[in-house]
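As structure tokens, the structure follows; a few thoughts come after it.
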Amino acid sequence: MALATDFIASKHGFTDRLSALATDLVERLRKARAFSRAYNELAALPDAQLRDMGLNRSMIRRIAYQAAYEN
């Protein structure tokens, strides 16, 4: 069984790993942009509007993080 596993694992070459790396990078950039967008939108709201939503300024970073990374 170990021989079969080693053989299958060795079929993944440099291009497969490079492709996986590029895919991971694109996903990280997408999430970083989503975080930045959510953070900036919430930070631009006046305090009264944040209060109406049940938020305060100290919660903005956490909420933006959850929106981008925990969906």
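Computed values, structure above
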| quantity | calculated |
| --- | --- |
| Segments 38-51, 18-31 sorted - mean Cβ within 10 Å per residue, highest first | 38-51, 18-31 |
| Spacing of the two label points (7 Å from each Cα toward its C-beta) at GLN66 and LEU18, in nm | 4.2 nm |
| Under the Karplus curve 6.51 cos²θ - 1.76 cosθ + 1.60, θ = phi - 60°, whole-Hz ³J(HN,Hα) for the stretch 38-43, x wherever Gly or Pro sits | 5, 4, 5, 5, 5, 5 |
| Shape call, the stretch 9-61: gyration tensor on alpha carbons, a/c limit 1.5 | prolate |
| Point-charge dipole on Cβ atoms (K/R +1, D/E -1) for the stretch 32-71, about Cα centre, debye to 20 | 140 debye |
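Values in this text are rule-based calculations from the coordinates and carry no lab data. Predicted, not measured: the structure shown is a model, and the values here were computed from it. Counting neighbours? That spans all protein chains shown, and the Cβs are built from the backbone with ideal geometry, glycine included.
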